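A short write-up of the structure that comes next.
The values are calculated or read from the model by the stated rules, or taken from the named source; none is laboratory data. A quick note: this is a predicted structure, and the numbers were derived from the prediction, not measured. All Cβ positions, glycine included, derive from the backbone under ideal geometry; neighbour counts span all protein chains shown. We work out accessible area using only protein heavy atoms, side chains counted, and drop any ligands, DNA or RNA first. Shrake-Rupley method; radii C 1.70, N 1.55, O 1.52, S 1.80 Å.
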Amino acid sequence: MKREFHQLAASTYDVLIIGGGIYGACAAWDAALRGLSVALLEKGDFGQATSSNTLRVIHGGLRYLQHGDLGRLRHSIQERTAFMRIAPHLVHPLPFVIPTYGHALRGREALFMALLINNVIGFDRNRLQDCQKYLPSGRIIRKKEFLRLFPGVEETGLTGGAIVYDCQMFSSERLVLSFVRSAVGAGARVANYAEVFELLSKGDRVLGVKARNLLNGCEVEIRAKVVVNTTGPWLDRVLSQGDSRSPTRNTAFSKAFNILINRQLIPRYALGIYTRTRFKDRDALLSKGSRLLFLAPWHNRTLLGTVHLPYDCDPDQCRVTEEEIQSFLNEVNDAYPTAQLVRQDVCFTYGGLLPMGSHAQGGVQLVKHYRIRDHKKDDGVDGLISVMGVKFTEARHVAEKTVDLLVAKLGAMSRKSQTTMTPLYGGKIEQFSTFLAEEFRKKPQHVSRDAFQSLLYLYGSAYPEVLKYIDSDFYPCQSDHRVSIFKGQPKPSAEGCSDLSDEFRSGDSSLLRAEVFHGIREEMAQKLTDVVFRRTSLSLPGNQKNEFVGMAAALMAKELDWDDVRTQRELSEVETVLSASNVS
Ligand SMILES: Cc1cc2nc3c(=O)[nH]c(=O)nc-3n(C[C@H](O)[C@H](O)[C@H](O)COP(=O)(O)OP(=O)(O)OC[C@H]3O[C@@H](n4cnc5c(N)ncnc54)[C@H](O)[C@@H]3O)c2cc1C
């Protein structure tokens, strides 16, 4: 995957996609797989915005029963199956447990009915080759069993619990990247750090875009028959960049965030807890006046969320504040006192923006359904489609619908979408547990089991591409090329230098080195933040230690010819993300 920004202007594409989050990445993959010529532009790095801030759940959509939306429940179940099929290394089953109280809406009887409907509607959820991915039917457990599993949950009125199986992403960052890589494999041209700043148009027709290479300021015009705007929270901003009759803009957004707790509160299960709220979901058939939060185990830590708050400022300035974190901790401690969470427990915050219908005291009314807008129909502006997603889980499905519309607009002969069945980059795995067992036999001796396991989960069947770079002496460390890193810390450097910690030297530095080279040479990593947060095993919680980050910086500096000033700037950017996210 090579970044050739100027080359992008050499062709006229069937479709140009703006925004490389999960919605843009899925659209690029679907369109390229159907034989359309595709360009994808992302102003930051792929998946850097909302798509890397999720609770990491691929939802089967049990919640939609609350709205009586059986259609959405059905298609969410199908999407969950599709994700496990096409990305078996990145999407894995996880049981979720919800406590039951009394005999009304939160009671055993209501949950029993919900699980029954869910089981019936998801009758074919296990149509997969890989039996490791089979999801058992949901079931009700008694109070005694519930308290054995989750001591400390509010016992007043507790009658038991409901277990329902959903899926969790090992890494949402690599999942987005897998779609991008797959699209490129099918012929798409893509660039990160490529910002669209103007829609090119003639009369009422959009003809392409003007884009800026944010790494050097160069600008190009890129022509396309249809432009698809998948910029999530920036959707309206992009729509305002046209000089023809401006399409209508009317999306409000809310701030949503999760926090990562640096200990595993509950192993093996995600636990739902009810917190008090005055907010009533006006779209729900039955509303409980309470909010269901989840504590989900993730990489030996606990992901906790999701909080929703109104927001009407610049999407580029969206931050989670100290006050918001503290208020969330209070809410969780109130509902689940056993957790006893304090500020120091929070090691990362994941915040993003989601489309909002309205807000009133007590809560935010989220937009429930995705929108695909053909601006020809809505505003008389041809050659432009806008897509607003509301769930990561639905992105593949929405991409399929978008490309169906695109094909119709182009009047093109094209085959049907193949994306539910075609493995993504790294996803050519028949049985995941067999794959793990077989590949472990090939583990390089000096790589630890943990590091090798992360490699297999992150890169799936494509991991040998990373191993190609292991032990090759690309750049022997030179003493004059050490980087000074975070103030007051020992100077780190590329492998072979003497000041890495013993733990690190004796561990997996050669594998990490290989991942960094692979990220730069094969996956378009342009900045240190790309390597640290979205390409390599450094992106996994707890791995962003000074010595690892420093080594990655030294390798990137050498490979990309950064001087000391640039290297320091890259390190500061990593530090900024970490401090904004409160890594302890
Ligand atoms: C806290 C939180 C938790 C969530 N949890 C879940 C969950 O567990 N499961 C689930 O299914 N969903 C979840 N969601 C919802 C899900 O994350 C979103 O629906 C999804 O990520 C939206 O993806 P997107 O591609 O539309 O937006 P984004 O990921 O924001 O992508 C839009 C991209 O467009 C780029 N862009 C903007 N302007 C330009 C421009 N001018 N030129 C080029 N590029 C541009 C941006 O840089 C950005 O990368 C959660 C959301 C949040 C915020």
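Summary of values
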{"read-out": "Charge-dipole axis of the chain as Lys and Arg at +1 and Asp and Glu at -1 on Cβ define it, positive-most pick from Thr54, Leu16, Gly152", "value": "Gly152"}
{"read-out": "Most positive-pole-ward Cα, Gly138, Ile261, Thr529, against dipole of the chain from beta carbon charges", "value": "Gly138"}
{"read-out": "Cβ charges +1 (Lys, Arg) and -1 (Asp, Glu), total dipole of the range 1-160, debye", "value": "540"}
{"read-out": "Helix-only [θ]222 nm of the chain, DSSP H runs n ≥ 4, -39500 (n - 2.57) each, per residue, nearest 500", "value": "-9500 deg cm²/dmol"}
{"read-out": "Kirkwood Rh and Cα Rg combined as Rg/Rh, the range 111-166", "value": "1.08"}
{"read-out": "Derived scalar couplings ³J(HN,Hα) [the range 256-263; Karplus, 6.51 cos²θ - 1.76 cosθ + 1.60; whole Hz; x for Gly, Pro]", "value": "10, 8, 10, 10, 10, 9, 7, 9"}
{"read-out": "Charge sum, other residues only, whose C-beta stays under 11 Å from Pro233's C-beta, Lys/Arg counted +1 and Asp/Glu -1", "value": "-1"}
{"read-out": "About the Cα centre, charge dipole magnitude for the chain (Lys/Arg +1, Asp/Glu -1 at Cβ), debye", "value": "1920"}
{"read-out": "Size of charge dipole - the range 1-46 - debye, nearest 20, with Cβ of Lys, Arg +1 and Asp, Glu -1, no other charges", "value": "60"}
{"read-out": "Mean Cα-pair separation over length for the range 295-404, i.e. relative contact order, pairs under 8 Å, 6 or more apart, %", "value": "16"}
{"read-out": "Descending Cα extents along the principal axes, the chain, whole Å", "value": "68, 65, 47"}
{"read-out": "Ordering of 268-275, 524-531 by packing [mean C-beta count within 10 Å, highest first]", "value": "524-531, 268-275"}
{"read-out": "Phi-based couplings in Hz for the range 370-379 (Karplus 6.51, -1.76, 1.60; Gly and Pro marked x)", "value": "5, 10, 10, 10, 8, 5, 4, 6, 7, 10"}
{"read-out": "Two-site FRET efficiency, Asn216 against Thr434, from Cβ-Cβ distance with R₀ of 60 Å, rounded to 0.05", "value": "0.80"}
{"read-out": "Protection-proxy order for peptides 440-450, 564-574, each taking the mean of Cβ atoms within 10 Å per residue, highest first", "value": "564-574, 440-450"}
{"read-out": "Distance between the range 1-51 and the range 383-442 - C-alpha centres, whole angstrom", "value": "14"}
{"read-out": "Debye intensity ratio I(q)/I(0), log10, the range 85-146, q values 0.14, 0.19, 0.21, 0.29 Å⁻¹ (C-alpha model)", "value": "-0.52, -0.81, -0.91, -1.26"}
{"read-out": "Ordering of 1-9, 194-202 by burial proxy (mean other Cβ atoms within 10 Å per residue, highest first)", "value": "194-202, 1-9"}
{"read-out": "Solvent-free Debye scattering, log10 I(q)/I(0), computed from the Cα coordinates of the range 30-150 at q = 0.16, 0.17, 0.23 Å⁻¹", "value": "-0.96, -1.04, -1.38"}
{"read-out": "Area accessible to solvent at Thr302, 1.4 Å probe radius, in Å²", "value": "0"}
{"read-out": "Whole-angstrom Cα spans of the range 311-382 along principal axes, big to small", "value": "56, 24, 19"}
{"read-out": "Calculated FRET efficiency for the pair Lys443/Leu149, C-beta based, R₀ 22 Å, to 0.05", "value": "0.05"}
{"read-out": "Length gained when the stretch Tyr134-Arg415 is fully extended (0.36 nm per residue, less Cα-Cα span)", "value": "98.2 nm"}
{"read-out": "Antiparallel %, DSSP beta bridges [both residues in the chain], to 5", "value": "75"}
{"read-out": "Taking the chain and dividing mean pair separation by its residue count, relative contact order in percent (alpha carbons under 8 Å, at least six apart)", "value": "18"}
{"read-out": "Extension reserve of the Ser240-Asn119 stretch, reckoned as 0.36 nm per residue once the Cα distance is removed", "value": "39.1 nm"}
